[in-house]
Amino acid sequence: MNALYVIWFEFTVCAALIGGAGYQLSRHADAIARRTGLSGSWIGLALLATVTSLPELATGITSVTLAKSPNLAVGDALGSCVVNLLILVLIDFFFRKEPIWHRAGQGHVLAAAFGVVMLGFTLVGLLIGQAMPSQSPVTAASAARWGFGLTTPVLLLLYLVAMRTVFAYERDHAELVAEVDEEEVPPLRSAVVRFALAAGVVAAAGIWLPFVATDLALAMGWNKSFVGSLFVALATSLPELAVTLSALRLGALDMAIGNLLGSNLFNVLILAVDDLFYRPGVLLAEVSAVHAVTAASAITMTGLAMVGLFFKPGGRVLRAISWVSLGLAAMYLLNTYVLYLYGE
């Protein structure tokens, strides 16, 4: 019992560090955006998303190398995508001026579309892995010849294309930036240094957090697919939550949304990196079939987000959230229920 209290204490400390540093991260990222003239969407998509996804990267590599737990790695990466999309529901609830879909920039549709494509290739890889497991001649030949699955180089290439395309779009559709107030906005060098320090705290606490969360979840006797896709995914998504809410507090809505959608792109990229580190075979061929449900849920939720970003609904259901956010929440609950029943 005492050991359980210690684990809860460590979990609380990690969460507190991430919350405090997350606010500083958003604040100085906003300063960097103003000083450089880059859009908040791009800063959130590329800079913040990379930092806040470091826990998923560390968890994935550790899971496939030291822990020998491919289900935990895949579950964490895909589960984090679903959790990040659920965070959109939270910011829609807290952003009381109007539904976030009505205010969000149109450029987010492009990042979401690339997310659907990358998640779609991941789902195909999972289904192929179930149809042709690691013992099959095709999969074994792929693992023996290249050391990774056929979807891995595709995901790596798609991520690079996504970053380049979104950057080009944001550059070509940049809005006029108001003149920077020298007193309100810190100098660029100071903002970069403070951003790096805050990023270090978020990364360190975020990398520590999944190990604490895994100990806690295993102590509760939950299955590994459930642990990876839900509990550890929630833990490793705390940086995204802290940074997103902080950006929202600063009024940087596009940065908040860009962080979440960019994190999802990076999370799918992590699966490709995990496959490169997974030496026994092809990663997606040696995991539970239930992960296909999480991938499909993430695709459906991203599609709903694209509808909201394009259609921009202005009303709210019961004066709480928009119908798009309600659909995201319902899909998350369905995914959770299926994983709890059928996870391994």
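The values are calculated or read from the model by the stated rules, or taken from the named source; none is laboratory data. As the structure is a computational prediction, the values presented were derived from the model and not from experiment. All Cβ positions, glycine included, derive from the backbone under ideal geometry; neighbour counts span all protein chains shown.
Okay, residues lined up against (1) modelled with pLDDT under 80; (2) assigned to a helix (DSSP H, G or I); (3) within 23 Å of the chain's Cα centre (by Cα):
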{"site": "141", "(1), (2), (3)": "yes, yes, no"}
{"site": "153", "(1), (2), (3)": "no, yes, yes"}
{"site": "171", "(1), (2), (3)": "no, yes, no"}
{"site": "174", "(1), (2), (3)": "yes, no, no"}
{"site": "180", "(1), (2), (3)": "yes, no, no"}
{"site": "191", "(1), (2), (3)": "no, yes, no"}
{"site": "202", "(1), (2), (3)": "yes, yes, yes"}
{"site": "207", "(1), (2), (3)": "yes, yes, yes"}
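Are any residues in the stretch 245-258 outside any loop (DSSP other than H, G, I, E, B) and either touching a Phe, Trp or Tyr at 6+ places or on another chain (Cβ under 6 Å) or small (Gly, Ala, Ser) (or both), and if so, which ones?
246, 247, 256, 258 - these are the residues of the stretch 245-258 that are outside any loop (DSSP other than H, G, I, E, B) and either touching a Phe, Trp or Tyr at 6+ places or on another chain (Cβ under 6 Å) or small (Gly, Ala, Ser) (or both).
Among the numbered criteria (1) assigned to a loop (DSSP other than H, G, I, E, B); (2) crowded, with 24+ Cβ neighbours inside 10 Å, which single criterion is violated by residue 295?
(1)
Scan the stretch 299-306 and tell me whether some residue there is touching a Leu at 6+ places or on another chain (Cβ under 9 Å), part of a loop (DSSP other than H, G, I, E, B) and of a type outside the set (Asp, Glu).
The answer is no, given that none of the residues of the stretch 299-306 is touching a Leu at 6+ places or on another chain (Cβ under 9 Å), part of a loop (DSSP other than H, G, I, E, B) and of a type outside the set (Asp, Glu).
Sort out which residues of the stretch 272-287 are surrounded by fewer than 22 Cβ atoms within 10 Å (Cβ to Cβ) and within 12 Å of residue 71 (Cβ to Cβ), and write them in order of number.
286 - this is the single residue of the stretch 272-287 that is surrounded by fewer than 22 Cβ atoms within 10 Å (Cβ to Cβ) and within 12 Å of residue 71 (Cβ to Cβ).
So which residues in the stretch 79-106 are over 18 Å from residue 248 (Cβ atoms) and modelled with pLDDT under 95, if there are any at all?
Across the stretch 79-106, the qualifying residues are 79, 80, 106.
Tell me, please, whether a residue that is farther than 17 Å from residue 150 by Cα, hydroxyl-bearing (Ser, Thr, Tyr) and either modelled with pLDDT of 90 or more or within 19 Å of the chain's Cα centre (by Cα) (or both) can be found in the stretch 298-319.
The answer is yes, given that some residue of the stretch 298-319 is farther than 17 Å from residue 150 by Cα, hydroxyl-bearing (Ser, Thr, Tyr) and either modelled with pLDDT of 90 or more or within 19 Å of the chain's Cα centre (by Cα) (or both).
Here are some conditions: (1) more than 19 Å from residue 162 (Cα to Cα); (2) surrounded by fewer than 24 Cβ atoms within 10 Å (Cβ to Cβ). Residue 47 meets all but one. Which one does it not meet?
Here residue 47 clears every test but (1).
Residues being crowded, with 16+ Cβ neighbours inside 10 Å, out of contact with any Pro (no Cβ under 9 Å at 6 or more places or on another chain) and assigned to a helix (DSSP H, G or I): count how many of those fall in the stretch 28-42. Outline the logic, then answer.
Our first condition is that a residue be crowded, with 16+ Cβ neighbours inside 10 Å; within the stretch 28-42, this holds for 28-35, 38-42.
So of that shortlist, the ones also out of contact with any Pro (no Cβ under 9 Å at 6 or more places or on another chain) come out as 29-30, 32-34, 38-42.
Those still in the list that are assigned to a helix (DSSP H, G or I) too: 29-30, 32-34, 40-42.
Number of matching residues: 8.
Let me spell it out: the conditions are (1) at pLDDT 80 or above; (2) within 29 Å of residue 272 (Cα to Cα), and residue 32 meets all of them except one. Which number is the exception?
If we test residue 32 against (1) at pLDDT 80 or above; (2) within 29 Å of residue 272 (Cα to Cα), just (2) comes out false.
For residue 97, which of the numbered conditions (1) surrounded by fewer than 20 Cβ atoms within 10 Å (Cβ to Cβ); (2) touching a residue at least 12 places away in the same chain (Cβ under 8 Å); (3) of a type in the set (D, E, K, R) fails to hold?
Answer for residue 97: the failing condition is (2).
So is residue 339 crowded, with 20+ Cβ neighbours inside 10 Å, at pLDDT below 90 and assigned to a helix (DSSP H, G or I) or not?
yes
From the set of residues in the stretch 215-274 that are over 18 Å from residue 18 (Cβ atoms) and of a type in the set (Ser, Thr, Tyr), which is modelled with the highest pLDDT?
229
Which one of these is over 17 Å from residue 115 (Cβ atoms) and in a helix (DSSP H, G or I): 276, 261?
276
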